[in-house]
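**Q** I am attaching a structure below and will ask some questions about it afterwards.
The values are calculated or read from the model by the stated rules, or taken from the named source; none is laboratory data. These figures come from a predicted structure and were not determined experimentally. Cβ placement follows ideal geometry from the backbone for every residue including glycine, while neighbour counts extend to all protein chains displayed.
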């Protein structure tokens with residue numbers, strides 16, 4: 001005996017299951033589309049991180065055995081009495097590129113450390129900008 005699609009105006013169980021599966025698949029697909037995480041990094045962030053990595057590698061290959069420098073920071077309480085180690089400046093910039101709304105950085109032409117950089121953590125908030133300058137870099141002993 002052949003099965004009829006309709007029985008007294010009601011779907012057969014197989015057709016009902018197929019419809020439920022189709023609706024579930026559609027719901028999951030649409031949900032996935034709308035709740036996809038944003039791209040982890042923008043093209044600008046990727047370029048800045050690549051530039052940072054290249055300058056960090058150059059700094060590590062060229063840094064002298066002993067050196068001194070002065071760090072200016074704004075607000076002033078950003079830098080402890082020990083100053084800002086150059087390796088920490090690279091780490092700070094890496095974090096800022098991922099987290100801050102705006103990062104501007106200049107690198108030293110000879111040693112490639114970040115010589116001046118500004119971080120604006122939130123463009124919507126006033127007074128959260130941090131400025132750093134590493135200046136008066138002097139080699140005190142060559143290897």
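**Q** If you scan the stretch 55-88, which residues turn out to be at pLDDT below 90 and assigned to a strand (DSSP E or B)? Break it down stepwise before answering.
**A** Step one: list which residues in the stretch 55-88 are at pLDDT below 90, which gives 74-84.
Of everything in the stretch 55-88, those that are at pLDDT below 90 and assigned to a strand (DSSP E or B) turn out to be 74, 80, 83.
**Q** A follow-up question, please. Would you please list the contacts, defined by Cβ atoms under 7 Å and residues six or more apart or on different chains, that run from a residue in the stretch 118-135 that is within 10 Å of residue 71 (Cα to Cα) to a residue that is assigned to a loop (DSSP other than H, G, I, E, B)?
**A** 132/84; 134/113
**Q** Please enumerate the residues belonging to the stretch 115-143 that are outside any loop (DSSP other than H, G, I, E, B) and under 23 Å from residue 40 (Cβ atoms).
**A** Passing the criteria: 117, 119, 120.
**Q** Of all residues in the stretch 94-113, count the ones that are loosely packed, with under 13 Cβ neighbours inside 10 Å, assigned to a loop (DSSP other than H, G, I, E, B) and within 10 Å of the chain's Cα centre (by Cα).
**A** So the count comes out to 0.
**Q** Right, something else. Taking interchain pairs and intrachain pairs at least six residues apart, which have beta carbon atoms under 6 angstrom, with the first residue in the stretch 49-74 and over 15 Å from residue 115 (Cα atoms) and the second assigned to a helix (DSSP H, G or I)?
**A** Short answer, once both residue conditions are applied: 49/97.
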